[in-house]
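Q: Before we start, here is the structure in question, set down as structure tokens.
The values are calculated or read from the model by the stated rules, or taken from the named source; none is laboratory data. What you see is a predicted model; the values in this text were computed from it and never measured. Note that we place each Cβ from the backbone using ideal geometry, even for glycine, and neighbour counts take in every protein chain shown. Protein only, heavy atoms only, side chains kept; ligands, DNA and RNA dropped before computing areas. Shrake-Rupley method; radii C 1.70, N 1.55, O 1.52, S 1.80 Å.
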Amino acid sequence: MNTLLYCLARLLIATLQALPLRLVARLSRACGAVAWWLDARHRRVALNNLNLCFATEKSPAEIRALAKENFRRLGESYGCAAKTASMSNSDLKGVFEVTGAEKVSQPLPGAEPPGSCVMAIGHFGNFELYARCAWFAPGFQFATTYRALRQSALNRLMQSLREKSGCLYFERRTDGGALRAALNQGGIVLGLLADQHAGDKGLRLPFFGHDCSTSPAPAVLALRYGCRIFPAICYRTALARWRVDVGDEILTHDNGKPRSTESIMLEVNRAFEVAIRRDPANWFWVHKRWKPGKWKTPKPNLHVPSDEIENPVVGEKGHSQ
């Protein structure tokens, strides 16, 4: 069975990579539309999440339309990720850009460049393109972590696609020592996904006004290895077009003293909220972000007042194609 899955996956990827990017995007959006009708479980998760966050702001019809567009976007993201993995930097020039990359290159006063940075990233747009941001930040080695698939053949296939980007990939359970060594050397930009449920060991922090388990990893590693933290969002600006925006630095110290991991990650959650409100269909609504959990040490409700969040702009150009 594993061999069959591997062969099918390899055939599908080869087919996508042989097609023009815009055609891949349209076909993948169609697949996402089909998935909306076939995948009842994830459809319910997406609708429940959207209702939790937007029930007071959007009508049931608007929420359902947003969920359907989200499935089409996810189809587009997955299909295009397979295609863009095979594209050279020159081929990507017309469809991918990065803004704010210069922030990473500017050292702190008194610091010796190049220091390492942590990018707090999420499942926005074609999130596999985060690995290609090194092109826009010369002098830095980009890196990230991943969890290996159970099927070894499929895992090798996935890594063979990802490693073409030049990004370093560290397996979360087995490569801890190698990751620590890389951070100690400096010149690393480590992208860490921080928008998923982190289990009972996560931080209890608000996201869209509701407590959820948040991974402390970006804050913990930044404090431990003296890294700076920046949020980064991949926006889909049109059909098969993307832009990664590197946000303002999230300070890890206040008056010379380390800030708490809770306060740092709360700022990350705020940055993600702003990005989601800017284009709600661009995020990964099919994940159970607000799954109930048992936290050992309850945290106070640090709900962000609505007037502190940017006014929402529903989508960018090309919201639906």
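Q: Is there a pair in Lys68/Lys288; Lys103/Lys257; Lys58/Lys103; Lys201/Lys288; Lys68/Lys103; Lys83/Lys103 whose C-alpha atoms are over 26 Å apart, and which pairs would that be? Walk me through the intermediate numbers first.
A: On the way: Lys68/Lys288 17 Å; Lys103/Lys257 23 Å; Lys58/Lys103 36 Å; Lys201/Lys288 16 Å; Lys68/Lys103 36 Å; Lys83/Lys103 29 Å.
Table pairs above 26 Å Cα-Cα are Lys58/Lys103; Lys68/Lys103; Lys83/Lys103.
Q: When the Cα centres of segment 61-83 and segment 136-202 are compared, how far apart do they sit, in Å?
A: Going from one Cα centre to the other spans 25 Å.
Q: When the chain is treated as a GNM, springs tying every alpha-carbon pair under 10 Å, which of Ile121, Ile63, Ile233 comes out with the largest mean-square fluctuation?
A: In this elastic network of the chain, the residue with the biggest mean-square fluctuation among Ile121, Ile63, Ile233 is Ile63.
Q: Can you check how the C-alpha radius of gyration of segment 133-196 compares to 2.2 N^0.38 Å, as a plain ratio?
A: For segment 133-196, the normalised Cα radius of gyration is 1.16.
Q: Radius of gyration and Dmax for segment 72-229's Cα atoms, expressed in Å?
A: 16.3, 47
Q: So what are segment 186-242's ellipsoid semi-axes, whole angstrom, largest first, if each one is the square root of 5 times an eigenvalue of the alpha-carbon gyration tensor?
A: Working from the Cα gyration tensor, I get semi-axes of 23, 20, 9 Å.
Q: If the chain between Asn184 and His210 were fully stretched, how many nm would it gain, using 0.36 nm times the residue separation less the Cα-Cα distance?
A: Going from the current span to full extension adds 5.7 nm.
Q: Using a probe of 1.4 angstrom, how much of the accessible area of segment 113-208 is carbon and sulfur, in percent? Numbers along the way, then the final one.
A: Numbers: 2090 of 4250 Å².
The computed percentage sits at 49.
Q: Let me know the Kirkwood hydrodynamic radius for the chain, please, with Cα pairs as the basis and the value in Å to one decimal.
A: 20.5 Å
Q: Ok, one more. Would you mind telling me which residue in Tyr146, Tyr130, Tyr235 has the biggest mean-square fluctuation in a Gaussian network model of the chain, where springs connect alpha carbons within a distance under 10 angstrom?
A: Among Tyr146, Tyr130, Tyr235, the largest GNM mean-square fluctuation belongs to Tyr146.
Q: Using a 1.4 Å probe, what is the accessible area per residue for the chain, in Å²? Mind showing how you got there, number by number?
A: On the way: 15820 Å² over 321 residues.
For the chain, the per-residue accessible area is 49 Å².
Q: Right, something else. Using only the C-alpha atoms of segment 1-57, find the volume of their convex hull and express it per residue in Å³.
A: 122 Å³
Q: Among Gly139, Gly125, Gly115, whose mean-square fluctuation peaks in a Gaussian network model of the chain (Cα, cutoff 10 Å)?
A: Comparing Gly139, Gly125, Gly115 in a Gaussian network model of the chain, the most mobile one is Gly139.
Q: Between Ala61 and Tyr146, what is the spin-label point distance in nm, taking each point 7 Å from the Cα along the Cα→C-beta axis?
A: 4.3 nm
Q: Oh, and also: Assign one of three labels to segment 1-149, namely rounded, prolate or oblate, based on the Cα gyration tensor with a ≥ b ≥ c the square roots of its eigenvalues; rounded applies when a/c is under 1.5, prolate when it is not and a/b is larger than b/c, and oblate otherwise.
A: Values: a/c = 2.08, a/b = 1.33, b/c = 1.56.
Oblate, because a/c is 1.5 or more while a/b does not exceed b/c.
Q: I want to check the label-to-label distance for Asn2 and Glu262. Put each point 7 Å from Cα in the C-beta direction and report it in nm to one decimal.
A: Taking the two extended label points, one gets 4.4 nm.
Q: Here's a follow-up. For the peptides 170-182, 188-200, 272-284, what is the packing order when you average, over each peptide's residues, the other Cβ atoms within 10 Å and list the highest mean first? Present the calculation step by step, with values, prior to reporting the outcome.
A: On the way: 170-182: 13.6, 188-200: 20.2, 272-284: 22.2.
Top to bottom by mean Cβ count within 10 Å: 272-284, 188-200, 170-182.
Q: Could I ask something else about it? Would you mind calculating the gained length between Glu97 and Glu163 on full extension (0.36 nm times residue separation, minus the Cα-Cα distance), in nm to one decimal?
A: Taking 0.36 nm per residue and subtracting the Cα distance, the gain is 21.8 nm.
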